[in-house]
Amino acid sequence: MNEQATGLTLELSPAFSAPRERIFAMLTEPAELAEWWGPRGFGLPAAELELRVGGRYRFTMKPPDGEPFHLSGTFLEIGPPGRLAYTFSWDEPAPDDRETVVTLMLHAHDGGTRVALSQGLFATEERLALHRNGWTESFEKLREVLTARG
């Protein structure tokens with residue numbers, strides 16, 4: 001059985017009441033990312049982005065209790081305001097972590113934006129579930145930031 005058949009690709013499609021250009025900025029500007037990135041209780045004290053194909057990024061995440069940790073990767077595709085793709089690697093990986101690819105497609109939808117996220121392939125169901133929870137909570141925080149701003 002190949003890895004694709006095991007279903008170890010995460011797919012989410014949240015909708016937001018903001019235009020694609022605003023959502024794209026929230027996904028690519030360090031000050032904006034700091035407002036919503038990460039699961040509930042997590043902060044993003046540092047986000048470095050070289051927003052060009054082949055450019056690198058590195059995020060420092062701070063859990064509610066514990067030491068900061070990092071993730072990084074390389075931008076594969078940048079097509080504002082509709083497409084963003086990049087590799088995703090934990091800088092201090094768990095044994096079952098592997099580099100994944102995140103693809104975000106931004107579609108105009110009901111006066112706002114629907115984001116189609118795909119990330120994979122994951123080595124284990126546990127890692128996929130961890131990322132599903134992280135993205136779900138992050139997108140909830142993004143929705144709250146957008147709502148608060150009006």
Dipole magnitude of the chain about its Cα centre, charges +1 at Lys/Arg Cβ and -1 at Asp/Glu Cβ only, in debye to the nearest 20?
500
For region 1-74, state which GluC sites (Glu not before Pro) are in a DSSP loop and have at most 14 other beta carbons lying within 10 Å of their beta carbon.
50
Principal axis box of region 1-137, alpha-carbon based, largest edge first, Å
41, 38, 29
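Set the Förster radius R0 to 25 Å, insert the Cβ-Cβ distance between residue 126 and residue 52 as r into 1/(1 + (r/R0)^6), and round the FRET efficiency to 0.05. Please report the intermediate quantities before stating the final value.
Working: r = 34 Å, r/R0 = 1.35.
After rounding, the FRET efficiency stands at 0.15.
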What ³J(HN,Hα) values, in whole Hz, does the Karplus curve 6.51 cos²θ - 1.76 cosθ + 1.60 give for region 11-18 when θ = phi - 60°, with x put for Gly and Pro?
9, 9, 8, x, 10, 10, 8, 8
What relative contact order, as a whole-number percentage, does the chain give when Cα pairs under 8 Å and 6 or more residues apart are counted?
28
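Here, each number is a calculation from the coordinates, and none is a lab measurement. A quick note: this is a predicted structure, and the numbers were derived from the prediction, not measured. Please note: Cβ atoms are built from the backbone with ideal geometry, for glycine as well, and neighbour counts cover all protein chains shown.
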